[in-house]
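Notes for the one structure printed next.
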Amino acid sequence: MLTDNDQTIQKITPNLLFSNEACGKAEEAVRYYTEIFKNSETGIISRYGDGEAKSSKAKINYAAFKLCGIDFSAMDNGFDVDFGFNEAFSIIINCENQQEIDYFWDNLSAVPEAEACGWVKDKFGVSWQIVPKIMSEMMNCGDREKIQRVTESFLKMKKLDLEVLQKAYDNL
């Protein structure tokens, strides 16, 4: 797991543990994510052998994949547990423009009641933050009034609207 074709991989690799309702869906999720993100690929997929997993739903004991060139791993939980994904962990997607925001929103948002301030939850329960790259600049400009206007603006939104955020920032 620490090497890929004899090359050391990134020091920290996020691992998605598909448990509870999502158990058994790790491979489907990996394939889904690698279709959505450019510069992505599926690596090795290792399956549980007969009797290895206590959960009858568990299929994958390790899957390697890359999203936008960043290494991830995934697995189905081998045990029946009562926990799953929640909003305590999310993956941020920094978008160049509204078109990218719309694309990722349309492809990842599957739970409308979980949508808020650029956050979505996908069909597997994983939370994503879909934000414009310029948002970091807006929120770190040092101008309290600009920050306040942008904050008040995005708190009212589900999907972030870059034009509205820019107008709030520029006080238009």
Check your understanding: In the stretch 157-172, how many residues are open to solvent by 90 Å² or more (accessible area, probe 1.4 Å) and in contact with a Cys (Cβ under 9 Å, 6 or more places away or on another chain)?
Key -> 1
Revision key, fill the gap. When every residue in the stretch 91-111 that is open to solvent by 60 Å² or more (accessible area, probe 1.4 Å), free of Cβ contacts under 8 Å to residues at least 24 places away in the same chain and not acidic (Asp, Glu) is compared, the one farthest from LEU67 (Cα to Cα) is GLN99
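Would the stretch 73-87 turn up any residue that is of a type in the set (D, E, K, R) and either in contact with a strand residue (DSSP E or B) (Cβ under 8 Å, 6 or more places away or on another chain) or under 27 Å from MET135 (Cα atoms) (or both)? Full working, then the answer.
Residues of the stretch 73-87 that are of a type in the set (D, E, K, R), as a first pass: 76, 80, 82, 87.
The next check asks that each one be either in contact with a strand residue (DSSP E or B) (Cβ under 8 Å, 6 or more places away or on another chain) or under 27 Å from MET135 (Cα atoms) (or both); those that pass are 76, 87.
There is at least one residue in the stretch 73-87 that is of a type in the set (D, E, K, R) and either in contact with a strand residue (DSSP E or B) (Cβ under 8 Å, 6 or more places away or on another chain) or under 27 Å from MET135 (Cα atoms) (or both).
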Check your understanding: Of the residues that sit in the stretch 28-56 and are charged (D, E, K, R) and over 20 Å from LYS121 (Cβ atoms), which one is nearest to the chain's Cα centre (by Cα)?
Key -> LYS38
Practice item. Tell me, yes or no, whether the stretch 153-164 has at least one residue that is outside any loop (DSSP other than H, G, I, E, B), among the β-branched types (Val, Ile, Thr), at pLDDT 95 or above and out of contact with any strand residue (DSSP E or B) (no Cβ under 8 Å at 6 or more places or on another chain). Key: yes
Practice item. Scan the stretch 43-58 residue by residue and report those that are in a loop (DSSP other than H, G, I, E, B) and of a type in the set (A, V, I, L, M, F, W, C). Key: ALA53, ALA58
Check your understanding: When only residues in the stretch 59-81 that are assigned to a loop (DSSP other than H, G, I, E, B), in contact with a Ser or Thr (Cβ under 9 Å, 6 or more places away or on another chain) and of a type outside the set (Asp, Glu) count, which is most open to solvent (accessible area, probe 1.4 Å)?
Key -> PHE79
Review point. Mind checking which pairs have a first residue in the stretch 35-48 that is loosely packed, with under 15 Cβ neighbours inside 10 Å and a second that is modelled with pLDDT under 95, Cβ under 7 Å, 6 or more apart or different chains?
Key: ASN39/GLY69
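Name the residues in the stretch 103-129 that are aliphatic (A, V, I, L, M) and either over 21 Å from GLY84 (Cβ atoms) or in contact with a Leu (Cβ under 7 Å, 6 or more places away or on another chain) (or both), would you?
Here is the first cut: in the stretch 103-129, the residues aliphatic (A, V, I, L, M) are 108, 110-111, 114, 116, 120, 126.
Selection gives VAL120, VAL126.
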Practice item. With the condition kept exactly as written, say whether any residue in the stretch 133-154 is within 28 Å of SER19 (Cα to Cα) and open to solvent by 60 Å² or more (accessible area, probe 1.4 Å). Key: no
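The values are calculated or read from the model by the stated rules, or taken from the named source; none is laboratory data. Just so you know, these numbers come straight off a predicted model, no measurement behind them. Positions of Cβ are generated from backbone atoms using ideal geometry, with glycine treated the same way; all protein chains shown enter the neighbour counts. SASA here: full protein model, heavy atoms, side chains in, ligands and nucleic acids out. Shrake-Rupley method; radii C 1.70, N 1.55, O 1.52, S 1.80 Å.
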